[in-house]
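Here it is: the structure, laid out below.
The values are calculated or read from the model by the stated rules, or taken from the named source; none is laboratory data. These numbers were taken from a predicted model, which means no experiment stands behind them. Positions of Cβ are backbone-derived with ideal geometry, glycine not excepted, and every protein chain shown enters the neighbour counts.
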Amino acid sequence: MAVEPGYITEKQAVLARLRRVEGQVRGLQRLVDEEQYCIDILTQLSAATKALEGVALLLLDQHLEHCLTHPTDPAEAQQKLNEASAAIRRLVRS
């Protein structure tokens, strides 16, 4: 039996946020295609970036809440902690 992902209770919220980001990216493509002002494009790009960061933080919160509080053994707990730490490092660098 497959283990449910930690975000399963927030799946619809995650999907809604990703769809919103998808719309923002399509809007960015349209702005570039229409040769709009650079600052307007950068402003929208910043909004899309923040929206993606919001999804990442939601997923990270769910991972920490679900996977780190329900490990089956100490080795699994350490593995999940290492995964979370690596994900945080990637988020901070981006």
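Inside the stretch 4-19, can you point out the residues that are in contact with a helix residue (DSSP H, G or I) (Cβ under 9 Å, 6 or more places away or on another chain) and either exposed (fewer than 12 other Cβ atoms within 10 Å of the Cβ) or part of a helix (DSSP H, G or I) (or both)? First the steps, then the outcome.
Step one: filter the stretch 4-19 for residues in contact with a helix residue (DSSP H, G or I) (Cβ under 9 Å, 6 or more places away or on another chain), giving 4-10, 13-14, 17-18.
Residues satisfying the conditions are Glu4, Ile8, Thr9, Glu10, Ala13, Val14, Arg17, Leu18.
For the subset of the stretch 72-84 comprising residues that are more than 22 Å from Lys11 (Cβ to Cβ) and surrounded by 10 or more Cβ atoms within 10 Å (Cβ to Cβ), which member is modelled with the highest pLDDT?
Looking at the filtered set, the residue picked out is Asn82.
Same structure again: Answer with yes or no whether Glu22 is out of contact with any Phe, Trp or Tyr (no Cβ under 8 Å at 6 or more places or on another chain), free of Cβ contacts under 8 Å to residues at least 24 places away in the same chain and outside any helix (DSSP H, G or I). Walk me through it before giving the result.
Working: out of contact with any Phe, Trp or Tyr (no Cβ under 8 Å at 6 or more places or on another chain): yes; free of Cβ contacts under 8 Å to residues at least 24 places away in the same chain: yes; outside any helix (DSSP H, G or I): no.
So Glu22 does not fit the description; no.
Sticking with this one: Got a number for residues in the stretch 25-35 being surrounded by 13 or more Cβ atoms within 10 Å (Cβ to Cβ) and either within 25 Å of Leu59 (Cα to Cα) or touching a residue at least 24 places away in the same chain (Cβ under 8 Å) (or both)?
3
Let me ask something else. Being surrounded by fewer than 13 Cβ atoms within 10 Å (Cβ to Cβ) and part of a helix (DSSP H, G or I) is the requirement here; does Leu64 meet it?
Numbers: surrounded by fewer than 13 Cβ atoms within 10 Å (Cβ to Cβ): no; part of a helix (DSSP H, G or I): yes.
The answer is no for Leu64.
A further question follows. Looking at Lys50, is it within 13 Å of the chain's Cα centre (by Cα), assigned to a helix (DSSP H, G or I) and free of Cβ contacts under 8 Å to residues at least 40 places away in the same chain? Give the derivation first.
Values: within 13 Å of the chain's Cα centre (by Cα): yes; assigned to a helix (DSSP H, G or I): yes; free of Cβ contacts under 8 Å to residues at least 40 places away in the same chain: yes.
Yes, satisfied.
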